[in-house]
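What follows is one structure encoded as structure tokens, with my remarks underneath.
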Amino acid sequence: METTHRVFVGDSRDLAAIDDDSVELVVTSPPYPMIEMWDELFTALDPAIGDALESGDGRAAFDAMHAQLDRVWAELERVLVDGGIACINVGDATRTVDGSFRVYPNHARVLEAFEARGFDPLPDVLWRKPANSAAKFMGSGMIPPNAYVTLEHEYVLLFRKGGESRGFEPGADRRYEAAYFWEERNRWFTDVWTDVQGELQALGGDAEADLRDRSAAYPLEIPYRLICMYSAYGDTVLDPFWGTGTTTLAAMCAGRHSLGSELEAAFVERFDDRVPDVPALSRSVGRARLERHREFVASRREDGKGFEYEADYYDTPVVTKMERGIRLREVEAIESVDADTDDGNSGDGDEYGYRAEHVPLGPSEDGR
Ligand SMILES: C[S@@+](CC[C@H](N)C(=O)[O-])C[C@H]1O[C@@H](n2cnc3c(N)ncnc32)[C@H](O)[C@@H]1O
């Protein structure tokens, strides 16, 4: 099985390089309005944003920043298939503007924007980030009433385009082989995620960590989980705020095609350094899932509970009939492809392409 991955250096307010109705899933995290690290970027998109911030009009700045995101949401509506899903990771912002502290509710504003475009909101996820230190508390310390709650969660907002879910032919292998384990379903489809630790992010050292900070990258588990939850093999996943390419890495590991678009050429250029690690990363992600499943099997047996079914492709029992066909993939080989050919400007560096060859996940060294 082969997947392709294309990344455009450009502005996602115009995704002309992507056809209508050609994407099954969007997984993304925009720059969060009213978080200071993105002020400059938003001001470059619309100078009126900088003016509003300078004049101390936080509400006007917030609205104008979301107006820029709205243009990207309009493009998502165009490129998503009917029944396709958009997963938007966004956090609210707290900020003092012109001496006045308040929260800017990004999640509510994004929800309104998608609903206004006719998307159906689906139950969303609160991603609870690991707590930092006691020094994090804001406001007037130990005396009421002017201390403020610290935000330690973000949202994964979920939307479906159109009123109906996607259809598949009965028994479609590409859907059944992409099944997840019962216990994964129980963890993943819970509405508060407290267990995203960043442990799958096996790549890189200090330079990689610095890149992730500068780009506000999310941990690999976030897009990987969402891709497994909301797409099948053969689907295409788009990230219009591609950053360091975490969504593409996750799509590669999960055996889906991907598309990305990112304003900052420097982020995109760095991706080539990560590509050689993808086969090992995909193997370790798949093996970690199988290993975790084996731990679940052992603990369920200890609890005196049995299993009715056996997996078709792995030497393990499973709880439900639907899981039997699970077949994880690993990347066996990956190469860069010249993705610039169809605009007649080959090599102009505004588009990057990769082709990955996937094989069923092989046994680990101990033969399991
Ligand atoms: C929160 S970061 C995404 C990080 C990404 N999820 C990752 O794991 O690396 C938002 C990204 O969107 C990019 N961006 C902002 N506005 C954009 C636009 N209009 N078109 C394309 N990219 C944009 C920023 O440069 C930044 O890299």
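Sort Ile35, Ile49 by heavy-atom solvent-accessible area, probe 1.4 angstrom, most to least.
Details: Ile35 55, Ile49 0 Å².
The ranking, largest first, comes out as Ile35, Ile49.
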Taking every alpha carbon pair in the chain and sorting the distances into 20 angstrom bins from 0 up to the bin holding the longest one, the percent per bin comes out as 27, 57, 16, 0
One finds the C-alpha centres of the range 227-269 and the range 158-191 to be spaced, in Å, by 18
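About the Cα centre of the chain, what is the dipole size in debye to 20, counting +1 per Lys and Arg Cβ and -1 per Asp and Glu Cβ, all else neutral?
Dipole about the Cα centre, nearest 20: 1640 debye.
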Farthest towards the positive end of the dipole of the chain, among Val331, Val125, Met252 and with Cβ unit charges of +1 on Lys and Arg and -1 on Asp and Glu, lies the Cα of Val125
Long-range amide H partners of Phe241, meaning residues 5 or more apart or on another chain whose placed amide H is closer than 5 Å, are Ser29, Ser261
At R0 = 41 Å the Cβ-Cβ FRET efficiency linking Glu264 and Arg78, nearest 0.05, sits at 0.95
Here, Glu357 and Arg292, labelled 7 Å along Cα→Cβ, have an inter-label distance in nm of 3.0
Inter-part gap, Cα centre of the range 16-41 to Cα centre of the range 297-314, in whole angstrom, is 41
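The values are calculated or read from the model by the stated rules, or taken from the named source; none is laboratory data. Values in this document were obtained by computation on a predicted structure and should not be read as measured data. Note: ideal-geometry Cβ built from the backbone for every residue, glycine included; neighbour counts use all protein chains shown. The accessibility values were calculated without ligands, DNA or RNA, using every heavy atom of the protein model including side chains. Shrake-Rupley method; radii C 1.70, N 1.55, O 1.52, S 1.80 Å.
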